[in-house]
Amino acid sequence: MRWNNSANLLLLATSLAACGSIWCDEGDVDAQIESLVERWDRPDSPGLTLAVLQDGQLVYEDAWGLASLELDVPLATETRLNAASVAKQVTATAVLKLEAEGKLSIDDDVGRYRPELRRYEDTITLRHLLWHTSGLRDVWTLADLAGWLPGDVRTSEQALGLISRQRALNFHPGRAFGYSNSGYVLAAAVVEQVTGDSFADWTHEHLLLPAGMHDTRFLDDHLEIVEGYASAYRWSGHEKGFVKDSLASGAVGSGNLITTAGDLARWAGYLLSTRVGGRPLHSVLGAQGTLRDGRQTGYGFGLFVDTYRGLPTLHHGGNSAGYGAHLLIVPEAGFAVVVLANVTSVNSRRLAEQVTDIYLADQLSSKPTPDRVLLSAEDAQSYVGLYALGAQRLLDVRIADGQLYFFLEGSTPRLMFPAGRHRFTTQEEGVEVTFTAGEDGPMVKVVMSVGSQQFTGKRLKPVNLKTRQLRAYEGRYFSEELETFYSIVATDDVLTVQRLRGADFPLVPIEEDRFLEQPAGGLELRFNRNRFDKIRGFTLSVDRARGISFRRQGAA
């Protein structure tokens, strides 16, 4: 371990007291953590910073890798990185603080403060925004669909404009949970409206400084020079190696909190030690959302409410361009761990959990040991296919490098681990996929469990269409909500979507007038027809933005 500052010296004197494990003697913590991050402890790679808080004290803080590959500047404990969606809990706390001061109510209509938001059939409240139960389409998903490229400048004003143009919701407010950055962009805008100050300035003065976070601030101007701010990278392959993964964003609320690992650990200490209305602040933020039917969502105010190996936890992660972050809090142990990275390859959540394993070893339940099940190539092939989970969600199971993966709504591929007959788990706790075989061998049904929720689906039969059939869908289509054109062309028995900005992608038919993007598998087009049975347009859906209308140009 490199002793970067005086905070690290505290570890030498308190390592035994700070460690809940009989295996954790003096110096052992260092060795175990170093073994977890050794692949990033090198002079030619970006990396990460890490901090641990226990009983109100910062007991560990270190950094590995480079903050700038171009300038050969190493990451240090004082290096600032982008905390991405970990910022949401700060935004939620800002709204709750204003409520405690009597300046608003979280059950107020959002339109009272932001009249540019379209009026929908049901009222959207501030509570809906913070609990992700508003039904609002996700603003950054919309931006991608509209052709905004990763390096494009993104401001809060642009984001609010895109949100306000949406004519429909993903679902009725309060009836489902749907993670949406739109809610937190709006929440930050409400704070500005109520306080008359910029969100960045108000949170800095009223939240961040009182929490002892002197190296933390929301970045609302992408051109601002931030001292000690690390660049972000991604691995592009052995030919080019690492490349820059830039972020030109001044949008705040849903993310863009520039901070250090130590400051975020201090934030966790603030949540654990501060009381609001007689309750610990972490308990206030950890009040789970409740849907109209009484179900709880597993998400509070900017924090996921969960358990890890038997202990209740609050946590949140995030990724923004090449930056990755995770904050995990174990309230009853007075413990928190923070991981901030400047390269996409770091699994920040898993690393936070592994550090928790080290510190709280004697308080955690044993890790379950799944039954070892071996799959033959023929067995694995029987699971491959598309499965419809309800009316809109699609599960895409594939084989890559001899292993089974699934894609859900365009998410990153998840590796599937055999855990029993026709049963699989993933690296994420609480996710399980169980199949039912048909009489001829291949699977016909699937049940996906995510925590307490279950999604049941059936396998879709392949559909083959020739070029002459596909030509009925050709044309140029425009979306007023996204202010963008998509062109659709048919060649060589394949239907392809072409965009002015963004890569083209092919479509595969999965039923009449219904197509799925390939190879990502998450974007769905449903074509609609006029009374003469001619294609007049389509609706586009992905995980966080559903039912976006496109109209065929020149259609009657």
Within the range 202-215, which residues are in contact with a helix residue (DSSP H, G or I) (Cβ under 9 Å, 6 or more places away or on another chain) and on the phi < 0 side of the Ramachandran plot?
202, 203, 206, 207, 208, 210, 211, 213, 214, 215
What are the residues in the range 255-292 that are polar (S, T, N, Q), closer than 16 Å to residue 316 by Cβ and buried (at least 22 other Cβ atoms within 10 Å of the Cβ), if any?
256, 259
Restricting to the range 48-89, what's the tally of residues that are in contact with a helix residue (DSSP H, G or I) (Cβ under 7 Å, 6 or more places away or on another chain) and at positive phi?
2
Of everything in the range 523-549, what is of a type in the set (Gly, Ala, Ser) and surrounded by fewer than 19 Cβ atoms within 10 Å (Cβ to Cβ)? Give them in sequence order.
547, 549
Could you look through the range 314-351, keep only residues that are over 16 Å from the mean Cα position of the chain (by Cα) and surrounded by fewer than 23 Cβ atoms within 10 Å (Cβ to Cβ), and pick out the one that is nearest to residue 68 (Cα to Cα)?
351
Could you say whether any residue in the range 162-172 is in contact with an Asp or Glu (Cβ under 9 Å, 6 or more places away or on another chain), surrounded by fewer than 21 Cβ atoms within 10 Å (Cβ to Cβ) and part of a helix (DSSP H, G or I)?
yes
As an exercise: evaluate residue 252 against (1) of a type in the set (Val, Ile, Thr); (2) surrounded by 23 or more Cβ atoms within 10 Å (Cβ to Cβ); (3) over 18 Å from the mean Cα position of the chain (by Cα) and give the number of the one condition it does not meet.
(3)
Can you find even one residue in the range 339-362 that is free of Cβ contacts under 8 Å to residues at least 24 places away in the same chain and closer than 16 Å to residue 314 by Cβ?
no
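Is at least one residue of the range 178-194 over 18 Å from residue 95 (Cβ atoms) and either in contact with a helix residue (DSSP H, G or I) (Cβ under 6 Å, 6 or more places away or on another chain) or assigned by TED's automatic domain parsing to the domain that holds residue 153 (or both)?
First pass over the range 178-194, keeping only residues over 18 Å from residue 95 (Cβ atoms): 178.
Narrowing the set further to residues that are either in contact with a helix residue (DSSP H, G or I) (Cβ under 6 Å, 6 or more places away or on another chain) or assigned by TED's automatic domain parsing to the domain that holds residue 153 (or both) leaves 178.
Yes, the range 178-194 contains at least one residue that is over 18 Å from residue 95 (Cβ atoms) and either in contact with a helix residue (DSSP H, G or I) (Cβ under 6 Å, 6 or more places away or on another chain) or assigned by TED's automatic domain parsing to the domain that holds residue 153 (or both).
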Residue hits (the range 217-235; on the phi < 0 side of the Ramachandran plot and among the small types (Gly, Ala, Ser)) are 230, 231, 232
Looking at 302, 310 in this structure, which one is at positive phi and surrounded by 24 or more Cβ atoms within 10 Å (Cβ to Cβ)?
302
Can you tell me which of 141, 133 is under 17 Å from the mean Cα position of the chain (by Cα), closer than 18 Å to residue 303 by Cα and among the β-branched types (Val, Ile, Thr)?
133
Considering residues of the range 260-280 that are farther than 30 Å from residue 230 by Cα and among the β-branched types (Val, Ile, Thr) only, the residue modelled with the highest pLDDT
274
Can you say whether residue 189 is in a helix (DSSP H, G or I) and either of a type in the set (A, V, I, L, M) or under 23 Å from the mean Cα position of the chain (by Cα) (or both), as far as the supplied structure shows?
yes
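Does the range 62-72 include one or more residues that are among the hydroxyl-bearing types (Ser, Thr, Tyr), surrounded by fewer than 21 Cβ atoms within 10 Å (Cβ to Cβ), modelled with pLDDT under 95 and farther than 20 Å from residue 211 by Cα? Give the derivation first.
Here is the first cut: in the range 62-72, the residues among the hydroxyl-bearing types (Ser, Thr, Tyr) are 68.
Restricting the remaining residues to those that are surrounded by fewer than 21 Cβ atoms within 10 Å (Cβ to Cβ) gives 68.
From what is left, the residues that are modelled with pLDDT under 95 are none.
No - not one qualifying residue is present in the range 62-72.
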Search result, residues across the range 474-511 that are in contact (Cβ under 8 Å) with a residue 40 or more places away in the chain, surrounded by fewer than 16 Cβ atoms within 10 Å (Cβ to Cβ) and assigned to a loop (DSSP other than H, G, I, E, B)
480, 483, 500, 501
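For residue 237, are the conditions met, namely being in a loop (DSSP other than H, G, I, E, B) and in contact with a helix residue (DSSP H, G or I) (Cβ under 6 Å, 6 or more places away or on another chain)? Please lay out each step first, then the result.
On the way: in a loop (DSSP other than H, G, I, E, B): yes; in contact with a helix residue (DSSP H, G or I) (Cβ under 6 Å, 6 or more places away or on another chain): no.
In short, no.
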Per the filter on the range 218-243, residues at pLDDT 95 or above, surrounded by 17 or more Cβ atoms within 10 Å (Cβ to Cβ) and touching a strand residue (DSSP E or B) at 6+ places or on another chain (Cβ under 6 Å) are 218, 219, 229, 230, 231, 232, 233
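Within the range 65-83, how many residues are of a type outside the set (A, V, I, L, M) and without any contact (Cβ under 8 Å) to a residue 60 or more places away in the chain? Reasoning before the result, please.
Residues of the range 65-83 that are of a type outside the set (A, V, I, L, M), as a first pass: 65, 68, 70, 72, 74, 77-80, 82.
Filter again for without any contact (Cβ under 8 Å) to a residue 60 or more places away in the chain, leaving 72, 74.
Residues meeting the conditions: 2.
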Of those in the range 449-471 that are in a helix (DSSP H, G or I) and without any contact (Cβ under 8 Å) to a residue 24 or more places away in the chain, the residue farthest from the chain's Cα centre (by Cα) is 468
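The values are calculated or read from the model by the stated rules, or taken from the named source; none is laboratory data. Only a predicted model underlies this, so the values are computations on that prediction, with no experimental measurement involved. Cβ atoms come from the backbone with ideal geometry, glycine included; neighbour counts cover every protein chain shown.
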